[in-house]
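K.L.:
I have a structure here, written as structure tokens, and I will follow up with some questions on it.
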Amino acid sequence: MRSYRLGAIGVLVLFFAAITATVLMPMILFNPPPSGHGNAYVAERGGDPIKGRQIYVREGCMYCHSQFTRLQDRGMGPLVSAGDFASETPNQLGTARTGPDLTNEGGKHSPGWQKAHLINPRAMKPGSIMPSFSYLSLEDMRDLVAYIEVLGNNRRPANYVEAPAEYAPILAAKKVDTDADPVANVGRGLYIQDCATCHGMDGRGNGPDAISMETKPSNFTRPFYKQYSDAFWFYRITEGVPGTRMPHWGETLTPQQRWYLVAYLKRLPQDKEDTVTSINQLDGFFMEMQHVQHMWNPPFEEVK
Ligand code: HEC
Ligand code: HEC
């Protein structure tokens, strides 16, 4: 009997220790300062985003949609940091991703699209399993759409192209002058060797290997890249792009080599918007590759 009681007390102590460590201590000790990249609750086209947020909470959108981009969610827009949620209570982080992550949903579609999608999701996305919210009043609908439009409005690429905080020591240790011509020239050499098969000889994302890729390599001549800082280039090269064939260069290239590449990439002319849609646009050096392959694997008759 005595040992039984001891066991029960042990279990209770463990239970409360776990609650203290995972719930109470973080509540008291974890207070990240606001990052300045959290959602700004200002409606661009009418509706009240704060009321809209209450409707989002009430309707349980969180049961299917998360609101935090992780390292592996590059396609979903910029990553979030703890300070982004300093003024968001109750948080709508969510865990289930039955639907896509909505962290940076604002601005992805027009308000009209959002409204039509909420009324009849399958009209906009055939096969969608999202339920219809057509029963919401007109006013509720307007507020909810205003809220969706606000999501990520402080995290748009135009004002958020930053390497994460853990890169600070690496960036501070930079010893390469990324504006110098010789440095860019070395970068060019590395680029031809490691990157051109995918990103193309002139950086347009049209290397011969691009042909077999579902997510095509980036076209560095897009004006979009004008806003990239050296640090952000470095970060993107180092981490690669999860979910695509873009390698994680932090593993195989030294930081110095990656800075050389930054020096080259940022010099590419950034004024073309064209994307590669047909095999005819692939680099001429495809032919050369075929030639090289031919040399190494000659057809049967030639071997004879
Ligand atoms: C039962 C799960 C479920 C619930 C609940 C749900 N959604 Fe969805 N949602 C989905 C799925 C699945 C998709 C992807 C297919 C589609 O776009 O319709 C989606 C897509 C979306 C998209 C489009 C994302 C994009 O850009 O492609 C938005 C916006 C959205 N939901 C908002 C909401 C809001 C607001 C609520 C609450 C009022 C909500 N959802 C409730 C499952 C859900
Ligand atoms: C096997 C093919 C492949 C090779 C080799 C490759 N990349 Fe990529 N790269 C990709 C793909 C695919 C993407 C993802 C494009 C996307 O996300 O839309 C990408 C994306 C990138 C990005 C991110 C662009 C952005 O939008 O932020 C950078 C920077 C980059 N590559 C640089 C390089 C450099 C530098 C090298 C050589 C050292 C290289 N890549 C080699 C396929 C490749």
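K.L.:
Ordered by packing density, taken as the mean number of other Cβ atoms within 10 Å over each peptide's residues, highest first, how do 248-258, 127-137 rank?
P.N.:
Values: 248-258: 15.0, 127-137: 12.2.
Taking the mean over residues of other Cβ atoms within 10 Å, the ranking is 248-258, 127-137.
K.L.:
At a Förster distance of 22 Å, what's the computed FRET efficiency of GLN72 paired with ILE211, Cβ-Cβ distance as r, to 0.05?
P.N.:
On the way: r = 25 Å, r/R0 = 1.15.
Computed FRET efficiency for GLN72 and ILE211: 0.30.
K.L.:
Using unit Cβ charges (K, R positive; D, E negative) and no other charged atoms, how large, in debye to the nearest 20, is the dipole of segment 1-59 about its Cα centre?
P.N.:
On the way: 6 positive and 3 negative charges, 62 e Å.
Dipole magnitude for segment 1-59 comes out near 300 debye.
K.L.:
Let me ask another. In straight Cα distance, which lysines are under 25 Å from LYS216, not counting same-chain residues fewer than 8 positions off?
P.N.:
The reachable lysines, counting only those whose Cα sits under 25 Å from LYS216, are LYS108, LYS125, LYS226, LYS266, LYS272.
K.L.:
Can I ask one more? Using the alpha-carbon centroid of each, what span in Å lies between segment 85-127 and segment 190-240?
P.N.:
30
K.L.:
Moving on. Helix-derived [θ] at 222 nm for the chain: sum -39500 (n - 2.57) over DSSP H runs of at least 4, divide by residue count, nearest 500?
P.N.:
Taking each H run of at least 4 residues, the total per residue is -11500 deg cm²/dmol.
K.L.:
Rounded to the nearest 20 debye, what is the charge dipole size of the chain about its Cα centre when +1 sits on each Lys and Arg Cβ and -1 on each Asp and Glu Cβ?
P.N.:
840
K.L.:
Working from Cα positions, state the angle (0 to 90°, nearest 10) between the long axis of helix 230-239 and the longest principal axis of the chain.
P.N.:
Between helix and principal axis, roughly 90 degrees.
K.L.:
For all pairs of alpha-carbon atoms in segment 49-159, what percent lies in each bin of width 10 Å, listed from the first bin to the last filled one?
P.N.:
Reading upward from the zero bin: 14, 49, 33, 5.
K.L.:
For a bin width of 20 Å, list the pair-distance distribution of the chain built from all Cα-Cα distances, rounded to whole %.
P.N.:
In whole percents, the pair-distance histogram is 25, 45, 25, 5, 0.
K.L.:
Then there's this: Would you list the P(r) distribution for segment 157-256, with all Cα-Cα distances sorted into 10 Å bins from 0 and each bin expressed as a whole %?
P.N.:
Spelled out per bin, shortest first, that is 14, 45, 36, 5.
K.L.:
Take peptides 26-38, 102-114 and line them up by average Cβ neighbours within 10 Å, highest first, as a rough protection proxy. Present the calculation step by step, with values, prior to reporting the outcome.
P.N.:
Details: 26-38: 11.8, 102-114: 17.9.
Ranking, from highest mean packing down: 102-114, 26-38.
K.L.:
Turning to a different aspect of this structure: So how long is each side of segment 95-203 along the principal axes, counting just the alpha-carbon atoms, biggest first, in Å?
P.N.:
Between the extreme Cα coordinates on each principal axis of segment 95-203 lie 64, 31, 26 Å.
K.L.:
Here's something else I'd like to know. Where the only charges are on Cβ atoms (+1 Lys, Arg; -1 Asp, Glu), what is the dipole of segment 49-159 about its Cα centre, to the nearest 20 debye? If you can, show how the numbers build up before the last one.
P.N.:
Details: 13 positive and 10 negative charges, 53 e Å.
Here segment 49-159 has a charge dipole of around 260 debye.
Each value in this text was obtained by applying a stated rule to the coordinates, not by laboratory testing. Keep in mind that what you see is a predicted model, and the values were worked out from it rather than measured. Don't worry about glycine lacking a Cβ; one is built from the backbone with ideal geometry, like all the others, and counts go over all protein chains shown.
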